[in-house]
Amino acid sequence: GGEGGIGSGLLGTCEIAWQGKIERTVFPLPIEFKYLAPQTKKDFMKEVPLETADTRMTELIKQCTVFEAEMRLVHKKSVESRVYQFLTNYLSVIKNLMYLFVVLLNLNVLMSP
């Protein structure tokens, strides 16, 4: 997939009520799909009236361009940033080293007079 195109290798699904039947559709997810900020999701869920499926879908369609723009921008910045790529690739190693460092500091405090 190209910039802003299909390429995550993952598929999304959606169930649609159509003429009294539930139809399931499958579609490829764009590569940027995982870059929507958690706060944006929370804000959407908090501000949108979720009483009916119609209101949810109407508001989702209204917000779609905002979501897309945010995901594309964050994806672009993450691809361009070497620091972000390093942290993403080595996050579990960094976490383990930090944990080890904290344990060593605690042992040092315990053993000091």
Please list F27, F101 in order of solvent-accessible area, largest first, computed with a 1.4 Å probe with all protein chains present. F101, F27
Labelled set [x] 23.9; [y] 18.0; [z] 16.7; Kirkwood radius over Cα pairs in Å computed from this model equals the value at [y]
Along the charge dipole of the chain, which of S92, T52, A69 sits closest to the positive end, that is, farthest toward it, with unit charges on the beta carbon of Lys, Arg, Asp and Glu (+1, +1, -1, -1)? S92
Could you work out the relative contact order of the chain, using alpha carbon pairs under 8 angstrom and six or more residues apart, expressed as a whole percent? 18
How much length would be gained if the chain were fully extended between Y99 and A37, taking 0.36 nm per residue of separation minus their Cα-Cα distance, in nm to one decimal? 19.6 nm
Among V79, V93, V66, which one shows the highest mean-square fluctuation when the chain is modelled as a Gaussian network with alpha-carbon springs under 10 Å? V93
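Looking at this model, which pairs from K21/K62; K34/K76; K46/K76; K34/K77; K46/K95; K41/K77 are more than 23 angstrom apart at the alpha-carbon?
K21/K62; K46/K76; K46/K95
If you take the square roots of the eigenvalues of the alpha-carbon gyration tensor of segment 71-113 and sort them as a ≥ b ≥ c, do you get rounded (a/c under 1.5), prolate (a/b over b/c) or oblate?
Verdict is prolate for segment 71-113.
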Count charges around T88 for me, please; just the other residues with Cβ under 12 Å from its Cβ, Lys/Arg as +1, Asp/Glu as -1. +2
For segment 44-49, 3J(HN,Hα) per residue [Karplus equation, 6.51 cos²θ - 1.76 cosθ + 1.60, θ = phi - 60°, Hz, x = Gly/Pro]: 4, 5, 6, 8, 8, x
Say we join alpha carbon atoms closer than 10 Å with springs in a Gaussian network model of the chain; which of Y84, Y99, Y35 then has the biggest fluctuation? Y99
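The values are calculated or read from the model by the stated rules, or taken from the named source; none is laboratory data. None of the values given here were measured: they were computed from a predicted structure. All Cβ positions, glycine included, derive from the backbone under ideal geometry; neighbour counts span all protein chains shown. When the accessible area is computed, the model is the full protein with side chains, heavy atoms only, and any ligands, DNA or RNA have been set aside. Shrake-Rupley method; radii C 1.70, N 1.55, O 1.52, S 1.80 Å.
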